[in-house]
Amino acid sequence: MQVKDNTFLITGAASGLGAATAERLVAGGGRVVLCDLSDAVEAHAETLGERARAVRGDVTSGDDIQAAVDAAVELSEGRGLAGVVHCAGVVSVAKLVDREGNPADLDAYARTLQINLVGTFNVMRLAAAAMAKNAAGEDGERGVIINTASIAAFDGQVGQCAYSASKAGVVGMSLPAARELSRHGIRVMAIAPGVFETPMMSEIPDEAAQALAASVPFPKRLGKPDEFARLAEQIVTNPMLNGETIRLDGGIRMQ
Ligand SMILES: NC(=O)c1ccc[n+]([C@@H]2O[C@H](COP(=O)([O-])OP(=O)(O)OC[C@H]3O[C@@H](n4cnc5c(N)ncnc54)[C@H](O)[C@@H]3O)[C@@H](O)[C@H]2O)c1
């Protein structure tokens, strides 16, 4: 599928990986609906010009994501929603049992799962229902869904039970979703980023960020958001990529 003249929904588009993906797809001639909880999404959409629209919304809400999908269909001028790059997510850290011997907060665990995992399913189901109505393109293709996992799905650290479980769930959905949606000509992929320079990572102290960068085999630095966007663009344009999660991490394996 080509980027040019097609319409994409980007979630988490106010910041970091989602914001960079929206920029790249607009630069490639695509139209984008940027969806995010944060009101910064409106200012970012404005900088991208007339082929971009902002929709404030929560990825865990059926109504909000339906509104974002509808906005994309409208922006497409009859071609329909061609692709989704779902980047909205949160990071959380909590031990099962803390230093004082208290058990972890169950509501906080459920909140991470609700946003990162249930939110991903919500975006996939509403986007796929819209894409299934598209006219088929080359090879019968109607759409592509790109979810965002994390290397924490595979190499989770202490305190990442919730985050790792939520991202492992995203990895686990890629194949069954791709198999199911194949009859509609819709591909499903996930990207598992390593450590990227985004506002999410800026909460880490400088020293810890430097240590993480030094532990990347090559290149010895954090990933840049546009490197994520370039992989998302490649997935859009390469029809053989389907049902898989790609690590994008410079070879890092967390201890
Ligand atoms: N930065 C990294 O190193 C890294 C590594 C692995 C995975 N990831 C994943 O990549 C994705 C993007 O992360 P980022 O680094 O760009 O973070 P970020 O914090 O810069 O951006 C995340 C965006 O998601 C939005 N968001 C959060 N909850 C939302 C909700 N319920 N509904 C709508 N929007 C919501 C936030 O407002 C924010 O704009 C996340 O899923 C994250 O888990 C990031």
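The values are calculated or read from the model by the stated rules, or taken from the named source; none is laboratory data. Here the structure is a predicted model, which means the values were calculated and not measured. Here Cβ is always computed from backbone atoms with ideal geometry, including for glycine, and neighbour counts include all displayed protein chains.
A compact table of results
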quantity: Of all residues making up region 223-239, the number that are away from the ligand (no atom under 14 Å from the Cβ) and either farther than 21 Å from Val170 by Cβ or not aliphatic (A, V, I, L, M) (or both); calculated: 6
quantity: Flag for Gly78 being surrounded by 20 or more Cβ atoms within 10 Å (Cβ to Cβ) and of a type in the set (Gly, Ala, Ser); calculated: no
quantity: Filter result (touching a Cys at 6+ places or on another chain (Cβ under 7 Å) and hydrophobic (A, V, I, L, M, F, W, C)) within region 2-38; calculated: Leu9, Ile10, Ala13, Leu17
quantity: Condition check for Ala68: surrounded by 21 or more Cβ atoms within 10 Å (Cβ to Cβ) and either in contact (Cβ under 8 Å) with a residue 12 or more places away in the chain or in contact with a helix residue (DSSP H, G or I) (Cβ under 8 Å, 6 or more places away or on another chain) (or both); calculated: yes
quantity: Members of region 155-177 that are closer than 30 Å to Leu222 by Cα, touching a residue at least 40 places away in the same chain (Cβ under 8 Å) and within 17 Å of the chain's Cα centre (by Cα); calculated: Tyr163, Ala165, Ser166, Lys167, Gly169, Val170, Val171, Met173, Ser174, Leu175
quantity: Residues located in region 192-222, provided they are of a type in the set (A, V, I, L, M, F, W, C) and either in contact with a helix residue (DSSP H, G or I) (Cβ under 6 Å, 6 or more places away or on another chain) or near the ligand (Cβ under 8 Å from one of its atoms) (or both); calculated: Ala192, Val195, Phe196, Met200, Met201, Leu222
quantity: Residue satisfying condition, being of a type in the set (Asp, Glu), at pLDDT 95 or above and within 29 Å of Leu181 (Cα to Cα), within set Asp36, Asp107; calculated: Asp36
quantity: Members of region 209-242 that are under 25 Å from Val85 (Cβ atoms), more than 18 Å from the chain's Cα centre (by Cα) and of a type in the set (Lys, Arg); calculated: Arg221
quantity: Qualifying residue in region 197-209 (condition: in contact with an Asp or Glu (Cβ under 8 Å, 6 or more places away or on another chain), in contact (Cβ under 8 Å) with a residue 12 or more places away in the chain and of a type outside the set (Asp, Glu)); calculated: no
